[in-house]
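Every read-out reported here was derived from the displayed coordinates using simple, explicitly stated rules and does not represent laboratory data. This one's a predicted model, so the numbers in the text were calculated from it and none came from an experiment. FYI the Cβ positions are ideal-geometry reconstructions off the backbone, even for glycines, and counts take in every protein chain you see.
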Ligand SMILES: *Cc1c(COP(=O)(O)O)cnc(C)c1O
């Protein structure tokens, strides 16, 4: 019998496990997907409602106004800004644009679970380099993992799910060690939450290194996870290639206008980020005060390296009213959200040690 066959290697892809949703009707705090706990600002909702009037039309394929606004807000050439339906999609387009079948992509691990999937879908081969016990990327080992086949290196900073950001000095050394034809992708999904003065400055790094591409998103600090909009910042020549690999009309009219309104309300939104960072400090101090060893977090989550106990700990949290994200056999990631949720988490964590 002859029939269509799905690409065989798809069966071997790791599944993307979304953070559990709160059970319908149950009063639970969702700390499982690194979402922003604040609802959209009224001005952002108004922009979405206005844009709704035009959804019989295709969106602006080039998201002209948005790429210009992003370029202006970062001080970069808008010709180098490529938007997509979340930075996860943009990462896929970057890999499609740069990798040929069998090319290697160096990825830290454990890191963002979308990486191995995106790499395999692009037909490339992922080369995993272990993240240290302290939750930090090992950039020396990552540079050493580069071979003649390497086209791209993914640098997640801060690293999801462990939390630390890459330091400026180590990134500089890394970029000296990596050949200039290898694309270095700095995934800065959480850049707005970074407070460490020694952390690498992505924009300055991008300005100084033509092989660096930044990935950023409106999903986390800007609270638009549900509308799917993220972007890459690259040299215009590379951005043109990424655009060729992108889904036409990917970013909806609603998403473009919500993102524009969010950029206009940036100060208000960044004040919310400050509040989340303060809550992160309280969560980390609370856990460490109880005796937990927790990596520094420069993002909106903290990492508990619970190993084989990850799932059990997550179950206890759920029973107490907070949904967290277990990575079986490895650890638990807890997003920073409402203060009440932190209180519950700290109670469960204290009980766990008793
Ligand atoms: C959340 C996240 C993203 C962004 O996802 P979107 O597709 O923009 O919602 C990208 N990279 C990392 C490491 C993340 O954690």
Among 173, 148, 192: highest mean-square fluctuation, GNM of the chain, C-alpha pairs under 10 Å: 148
Pairwise label distance in nanometres, residue 16 with residue 350, each label 7 Å out on the Cα-Cβ vector: 3.8 nm
Alpha-carbon centroids, segment 55-69 and segment 243-283: separation in whole Å: 16 Å
What does the helix-only formula give at 222 nm for the chain: each DSSP H stretch with n ≥ 4 adding -39500 (n - 2.57), the total divided by the residues, and the result rounded to the nearest 500 deg cm²/dmol? -12000 deg cm²/dmol
Compactness ratio of segment 260-341: Cα Rg over 2.2 N^0.38 Å, N = residue count? 1.24
For segment 1-139, radius of gyration divided by Kirkwood radius, i.e. Rg to Rh on alpha-carbons: 1.03
Output the relative contact order of the chain, whole-number percent, from Cα pairs under 8 angstrom with separation of 6+ residues. 23 percent
For q values of 0.12, 0.18, 0.21 Å⁻¹, compute log₁₀ I(q)/I(0) with the Debye formula on a Cα-only model of segment 152-220, without solvent. -0.27, -0.63, -0.86
Quickly rank 6-18, 155-167 as a protection proxy: mean count of other C-beta atoms within 10 Å, highest first. 155-167, 6-18
Please report, to one decimal in angstroms, the Kirkwood hydrodynamic radius of segment 42-265 built from all distinct Cα-Cα pairs. 17.7 Å
With no solvent and one equal point scatterer placed on each C-alpha of segment 217-354, evaluate the Debye formula and give log10 I(q)/I(0) for q = 0.09, 0.11, 0.18, 0.20 Å⁻¹, two decimals. -0.39, -0.55, -1.00, -1.11
Using the Cα atoms of segment 81-121 to build a convex hull, what is its mean projected area in square nanometres? 3.2 nm²
What is the distance in Å between the Cα centres of segment 137-156 and segment 105-119? 12 Å
Within segment 42-265, percent of DSSP bridges classed antiparallel, to nearest 5: 35 percent
How many angstrom separate the Cα center of segment 300-322 from the Cα center of segment 76-97? 33 Å
Using a Gaussian network model on the chain with a 10 Å cutoff between Cα atoms, which of 56, 211, 36 fluctuates the most? 56
Highest-MSF residue in the chain out of 53, 298, 188 [GNM, Cα springs under 10 Å]: 53
